[in-house]
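Chemist: Shown below is the structure under consideration.
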Amino acid sequence: MPNLFFVVSAYLIGSISFAVITSKAFGLPDPRSYGSGNPGATNVLRTGKKAAAALTLLGDAAKGWLAVFLTLKFAPQDAQLVGLVASVSIAVFLGHLFPIFFKFQGGKGVATALGILLALNPWLGLAAFGTWLIVAKVFKVSSLAALIAAASAPIFTWLLNEPMEYTAVAFTLAVLLVWRHKSNIQKLLSGQEGKIGGKA
């Protein structure tokens with residue numbers, strides 16, 4: 001029962017859509033109504049409000065980190081902890097993708113995945129973020145950077161000798177991220193994908 005509490009709580013935390021909340025606070029249109037239709041920091045940035053986009057990014061990353069951190073801090077420190085942390089990681093990510101508070105219309109999960117990886121191992125999160133940053137700097141395409149960073153995460157997890165459960169989490173996040181970016185992949189292949197900071 002305690003384990004179920006952590007998993008359900010993680011899903012509810014993940015269901016908080018900072019893109020929608022921040023946009024409303026700044027008087028911006030619902031991020032699901034323009035651009036890519038994705039309630040995430042990159043789409044919010046298309047409004048030109050960098051502060052709103054930054055808050056969205058921080059909020060989405062923070063909720064992924066918080067759910068895992070609270071589990072590591074307060075869950076029973078027993079043999080089941082690693083498995084529980086893995087379950088919580090997936091639950092908070094699914095909450096972001098399918099938020100119960102916002103009609104299950106969630107984001108693609110890049111920032112939330114980063115928060116999760118940072119909580120599992122700060123070096124893992126920094127390695128994934130560094131990969132995203134380099135690709136984004138070179139190609140100016142957020143989706144391409146996210147896809148490459150996601151694909152690299154399981155490799156970084158393995159190189160850091162993390163438990164197999166954590167590698168499985170990184171792999172699962174990568175698969176879900178690729179799936180959520182399927183429309184972006186089609187645009188990348190056709191050369192129609194938008195640049196970072198481009199207007200809606």
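Chemist: Pairs, please: C-beta under 7 Å, at least 6 apart or cross-chain, first residue within 17 Å of THR167 (Cα to Cα) and in the stretch 101-117, second hydroxyl-bearing (Ser, Thr, Tyr)?
Modeler: Here the result reads ILE116/SER89, each pair linking the stretch 101-117 to a residue that is hydroxyl-bearing (Ser, Thr, Tyr).
Chemist: Same structure, new question: Having 1 or more residues that are buried (at least 19 other Cβ atoms within 10 Å of the Cβ) and free of Cβ contacts under 8 Å to residues at least 24 places away in the same chain is the bar; report the helices (runs of 4 or more DSSP H) wholly within the stretch 1-70 that clear it.
Modeler: none
Chemist: Which residues, taken from the stretch 126-165, are modelled with pLDDT under 95, out of contact with any helix residue (DSSP H, G or I) (no Cβ under 8 Å at 6 or more places or on another chain) and part of a helix (DSSP H, G or I)?
Modeler: Answer for the stretch 126-165, where residues must be modelled with pLDDT under 95, out of contact with any helix residue (DSSP H, G or I) (no Cβ under 8 Å at 6 or more places or on another chain) and part of a helix (DSSP H, G or I): LYS137, VAL138.
Chemist: Quick check on my filter: what residues within the stretch 166-200 are farther than 30 Å from SER87 by Cα, of a type in the set (D, E, K, R) and exposed (fewer than 13 other Cβ atoms within 10 Å of the Cβ)?
Modeler: Those that are farther than 30 Å from SER87 by Cα, of a type in the set (D, E, K, R) and exposed (fewer than 13 other Cβ atoms within 10 Å of the Cβ): LYS195, LYS199.
Chemist: Can you tell me which residues in the stretch 12-28 are under 18 Å from LEU94 (Cα atoms) and among the polar types (S, T, N, Q)?
Modeler: SER15, SER17
Chemist: Now for a different question. Tell me, yes or no, whether the stretch 166-185 has at least one residue that is within 24 Å of SER23 (Cα to Cα), touching a residue at least 24 places away in the same chain (Cβ under 8 Å) and not in a helix (DSSP H, G or I).
Modeler: yes
Chemist: OK, next. Report, by residue number, each residue of the stretch 79-96 that is more than 28 Å from SER17 (Cβ to Cβ) and β-branched (Val, Ile, Thr).
Modeler: VAL82
Chemist: May I pose another question? With the condition kept exactly as written, say whether any residue in the stretch 69-82 is modelled with pLDDT of 95 or more and acidic (Asp, Glu).
Modeler: Taking every residue of the stretch 69-82 in turn, none turns out to be modelled with pLDDT of 95 or more and acidic (Asp, Glu).
Chemist: Oh, and also: Among residues belonging to the stretch 71-126 that are of a type in the set (Lys, Arg) and surrounded by fewer than 19 Cβ atoms within 10 Å (Cβ to Cβ), point out the one that is nearest to SER142 (Cα to Cα).
Modeler: Per the stated criteria, the residue is LYS103.
Chemist: Next question, about the same structure. Limited to the stretch 133-165, what total is found for residues that are surrounded by fewer than 22 Cβ atoms within 10 Å (Cβ to Cβ), in contact (Cβ under 8 Å) with a residue 40 or more places away in the chain and not hydrophobic (A, V, I, L, M, F, W, C)?
Modeler: Residues meeting the conditions: 4.
Chemist: Let me ask something else. Residue check, ILE155 against (1) hydrophobic (A, V, I, L, M, F, W, C); (2) out of contact with any Asp or Glu (no Cβ under 9 Å at 6 or more places or on another chain); (3) under 22 Å from ALA53 (Cα atoms), all met but one. Which one?
Modeler: (3) is the only condition that ILE155 fails.
The values are calculated or read from the model by the stated rules, or taken from the named source; none is laboratory data. If you're wondering where the values come from, they're calculated on a predicted model, not measured in any experiment. For neighbour counting, all protein chains shown are included, and Cβ atoms are generated from backbone atoms with ideal geometry for every residue, glycine included.
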